[in-house]
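One structure is given here, and the rest of the page talks about it.
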């Protein structure tokens, strides 16, 4: 009798264990993604990074069959948002969309406490935007030469606004300052939207900003575009000269964009995200929205993006040294 009772208890324990195991298996085997994904944009609404993110968000959400929540985390030239992603679990449920300043910040800011190679996993480069040199519609400047000529007459008085230190717009402004040999202070903002507002209002004389956020203000008549930062004129704006035409040969400074995940994110999750981003970039609705921004798509694999990051980092190091750009916070 005692032996029988022990046998029954053993069988019950085994059955209970098997039942628990069978309940746990579906949870472990759930395919990615099985819950909402947070897409961190390290700028406030209205700037170019936010504009690109919101063009992609509905399509990604539809493809992944999970909510994709755009979370704006502005501050410190995108460093705060980048650090949010760095500290997040490496599970694919928190990802970052940022521009080229993701690479530049550690070169110019002691407060950028992250290592591009060690702290982030590249997902995909997605493309670039031409940038515009803009002034208020009421500004007396009609050309880049007008702007620079006034800056030479009034050193330190004619200023650039910039979405953030380290941004493509900031680097383009600094490069133009160096090549033109002018004293034009750069005033940083917490994103392209607030900076453009002050340029429109005449509080700051000028700005270099990606077309996604700058061109709508030009089209509405609130800003005047003086030049584009691409090597050749844009086919859609044939009357707008390039910066290079203004006496600065080979001037080329686009704003490019990419997705990152926290380092250690499983490769199959990275590959899944890359595949979905590539597919989203080809969706007709997204193509239409990005084309309206003059966005130039070019989606790469994670490995190709990693190689691109290395090349760009080397170039930025040279530019930062030549322009003596440093921000200690």
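Each value in this text was obtained by applying a stated rule to the coordinates, not by laboratory testing. Fair warning: this is a prediction, and the values are worked out from it, not measured in the lab. In this analysis, Cβ positions are derived from the backbone assuming ideal geometry, glycine residues included, and neighbour counts consider all displayed protein chains.
Please state the shape class of the stretch 207-328: rounded when a/c is under 1.5, otherwise prolate if a/b exceeds b/c and oblate if not, all from the C-alpha gyration tensor.
Numbers: a/c = 2.29, a/b = 1.29, b/c = 1.77.
Oblate, because a/c is 1.5 or more while a/b does not exceed b/c.
If R0 is 35 Å, what FRET efficiency do you get for residue 267 and residue 219 from their C-beta distance, rounded to 0.05?
Details: r = 43 Å, r/R0 = 1.22.
Efficiency computed from Cβ-Cβ geometry: 0.25.
Could you work out [θ]222 nm for the chain from helices alone, using -39500 (n - 2.57) per DSSP H run of at least four and dividing by all its residues? Round to the nearest 500 deg cm²/dmol.
Working: 12 runs with 154 residues, N = 329.
Using -39500 (n - 2.57) per qualifying helix, the result is -15000 deg cm²/dmol.
Along the Cα→Cβ direction, 7 angstrom out, place labels at residue 35 and residue 149. What is the inter-label distance in nm?
Spacing of the two 7 Å Cα→Cβ label points: 6.2 nm.
What spacing in nm lies between the two simple spin-label points modelled at residue 234 and residue 142, each 7 Å away from Cα in the Cβ direction?
The two pseudo-label positions are separated by 2.2 nm.
With r defined as the distance between the Cβ atoms of residue 157 and residue 111 and R0 fixed at 22 Å, what FRET efficiency is calculated, to the nearest 0.05?
0.15
Can you order the peptides 104-113, 151-160, 164-173 by their average number of other Cβ atoms within 10 Å per residue, highest first?
Working: 104-113: 19.2, 151-160: 15.8, 164-173: 28.0.
Descending mean neighbour count gives 164-173, 104-113, 151-160.
Specify whether the C-alpha gyration tensor of the stretch 131-246 places it in the rounded, prolate or oblate class, a ≥ b ≥ c being the square roots of the eigenvalues: rounded for a/c under 1.5, otherwise prolate if a/b is larger than b/c and oblate if not. Don't skip to the end; give the middle numbers.
Details: a/c = 1.31, a/b = 1.10, b/c = 1.18.
It is rounded, given that a/c, with a ≥ b ≥ c, falls under 1.5.
What ranking, highest mean first, results for peptides 215-227, 307-319, 57-69 when packing means the other Cβ atoms within 10 Å averaged over each residue? Working shown, then result.
Working: 215-227: 17.9, 307-319: 14.1, 57-69: 16.2.
Order by mean packing, descending: 215-227, 57-69, 307-319.
Classify the stretch 39-91: rounded, prolate or oblate, from the alpha-carbon gyration tensor (a ≥ b ≥ c, eigenvalue square roots; a/c under 1.5 rounded; otherwise prolate if a/b is larger than b/c)? The partial results should precede the final answer.
Working: a/c = 3.27, a/b = 1.28, b/c = 2.55.
Oblate shape, in that a/c is at least 1.5 and b/c is the bigger or equal ratio.
May I ask you to derive the relative contact order of the stretch 131-246, considering only C-alpha pairs under 8 Å and at least 6 residues apart, and to give it as an integer percent? Numbers along the way, then the final one.
Working: 213 pairs, mean separation 43.9, N = 116.
Relative contact order comes out at 38 percent.
Take every DSSP beta bridge whose two residues both sit in the stretch 134-242, then give the antiparallel share in percent to the nearest 5.
Approximately 45 percent, going by the DSSP bridge assignments.
Over the chain, what relative contact order in percent results from Cα pairs under 8 Å that are six or more residues apart?
Working: 636 pairs, mean separation 83.8, N = 329.
Averaging sequence separation for qualifying contacts and normalising by length gives 25 percent for the chain.
Going by alpha carbons, how many degrees (0 to 90, nearest 10) lie between the helix axis of 144-153 and the longest principal axis of the chain?
On a 0 to 90 degree scale, this one is about 70.
Between residue 307 and residue 324, what is the label-point separation in nm under the 7 Å Cα-to-beta-carbon projection?
Roughly 3.8 nm, to one decimal.
Only one of the listed values, (1) 1.14; (2) 0.96; (3) 1.01, was derived from the coordinates as Rg/Rh (Cα atoms, Kirkwood Rh); which label is it?
Label of the calculated value: (1).
Taking Cα atoms, how many degrees apart are the long axis of helix 2-29 and the longest axis of the chain, rounded to 10 and kept between 0 and 90?
20 degrees
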